[in-house]
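**Q** Could you have a look at this structure, given as structure tokens, before my questions?
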Amino acid sequence: MDELETFYNQRKKEIDQYFLFLKELDIDQNKNYTISALGDIVQEDKVFELKEINTQILKSSCILIIYNCIEGTVYKSLECIFDKISEEKLNYKSIIVEIQNIWLKSKIPQKNTLDEIKIEILFEHIEHIISNNINLNLKDFLEKNRGYFGKGNITDNLIHEELFPKIGLIVSQKIVEPKIDDIKDNRNRLAHGGASFSELGKTLSFSELETDKNRIFKFLEKYVNEIKNYITTNKYKKN
């Protein structure tokens, strides 16, 4: 479990460092800055004017790194679950039905219908599934089953309605953060060309971005704790 926490804390640290840099620039104001080159060879200082379009682009880039942290943490958590199952050398009969379904989805030949699979091939796969240890690889699985953990981007609703049920995780209280939808929507506008970085940046303030960042961090900390409890209590195993 330390692996997931380390992963998340590293992403969080990177974002915090970037926000500290932008805060020093006071990017909601337009100022002149002197850039000094540091290193073994000291170069001549260069002076440039931080223009409004620069600050707009910098603010928009905050959306990308925050969403990257959300998606990265979620997929890392699944990788940690799969790795744990593989490390324990569990077989098909030892794991909960939800994980069994994930395993089957990754191993049965991808055909339109079961009838299209040759019977000898089907029996061969069944024999392999029952008699061998589970070895789930998240990267390979996602390549074969795009959208399996959700047909859209990561949101709190997708986590509770798509992801948690598919790994058999039951939470006593939902982890809800509406700001994830805003981050996701703005990320998609940037990623798919619906808005330029400067256009979106005009609608953002740095103080609001800081507030959103902290809210997302609180959400992800709760998410990481849920996954931690799932793994430490062996919820992926049959009772």
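The values are calculated or read from the model by the stated rules, or taken from the named source; none is laboratory data. Since this is a predicted model, take the numbers as computed values, not measurements. Counting neighbours? That spans all protein chains shown, and the Cβs are built from the backbone with ideal geometry, glycine included. Surface areas here come from the heavy atoms of the whole protein model, side chains and all, with no ligands, DNA or RNA. Shrake-Rupley method; radii C 1.70, N 1.55, O 1.52, S 1.80 Å.
**Q** Using a 1.4 Å probe on the protein heavy atoms only, what accessible surface does Tyr92 show? Give it in Å² to the nearest 10.
**A** 40 Å²
**Q** So what are the ³J(HN,Hα) numbers for the stretch 162-175, from phi and the Karplus equation (6.51, -1.76, 1.60; θ = phi - 60°), rounded to whole Hz, Gly and Pro as x?
**A** 10, 7, 4, x, 6, 10, x, 9, 10, 10, 6, 9, 5, 8
**Q** Which distance in Å, rounded to a whole number, links the C-alpha centroids of the stretch 180-199 and the stretch 47-67?
**A** The stretch 180-199 and the stretch 47-67 have Cα centres separated by 14 Å.
**Q** Using a 1.4 angstrom probe and counting only protein chains, how large is the accessible area of Lys222 in Å², to 10?
**A** It works out to around 120 Å².
**Q** To the nearest 10 square angstrom, what accessible area does Thr233 show with a 1.4 Å probe?
**A** Surface open to solvent at Thr233 totals about 60 Å².
**Q** Of Lys89/Lys235; Lys84/Lys213; Lys84/Lys222; Lys12/Lys89; Lys13/Lys218; Lys13/Lys166, which ones are farther than 23 Å apart at the Cα? Before the final figure, lay out the partial values.
**A** Numbers: Lys89/Lys235 16 Å; Lys84/Lys213 30 Å; Lys84/Lys222 20 Å; Lys12/Lys89 32 Å; Lys13/Lys218 14 Å; Lys13/Lys166 30 Å.
Distance filter (> 23 Å) returns Lys84/Lys213; Lys12/Lys89; Lys13/Lys166.
**Q** Using label points projected 7 Å from each Cα along Cα→Cβ, tell me how many nm separate Asp181 and Glu210, to one decimal.
**A** Roughly 2.7 nm, to one decimal.
**Q** Could you run the Karplus curve 6.51 cos²θ - 1.76 cosθ + 1.60 with θ = phi - 60° over the stretch 186-195 and give me ³J(HN,Hα) per residue in whole Hz, x for Gly and Pro?
**A** Karplus-based 3J(HN,Hα) across the stretch 186-195 equals 5, 4, 5, 4, 6, 5, 9, x, x, 8 Hz.
**Q** What list of ³J(HN,Hα) values in whole Hz, one per residue of the stretch 13-28 in order, does the Karplus curve 6.51 cos²θ - 1.76 cosθ + 1.60 (θ = phi - 60°) give from phi, with Gly and Pro shown as x?
**A** 4, 4, 5, 4, 5, 5, 5, 4, 4, 5, 5, 4, 6, 6, 6, 7
**Q** Report, by chain and number, residues whose modeled amide H sits under 5 Å from the one on Lys237, excluding near sequence neighbours (fewer than 5 apart, same chain).
**A** Residues meeting the amide H criterion: Ile96.
**Q** Ordering His160, His192 from largest to smallest accessible area (1.4 angstrom probe), what's the sequence? Don't jump to the answer; show the numbers that get you there.
**A** Numbers: His160 25, His192 140 Å².
These residues rank, largest area first, as His192, His160.
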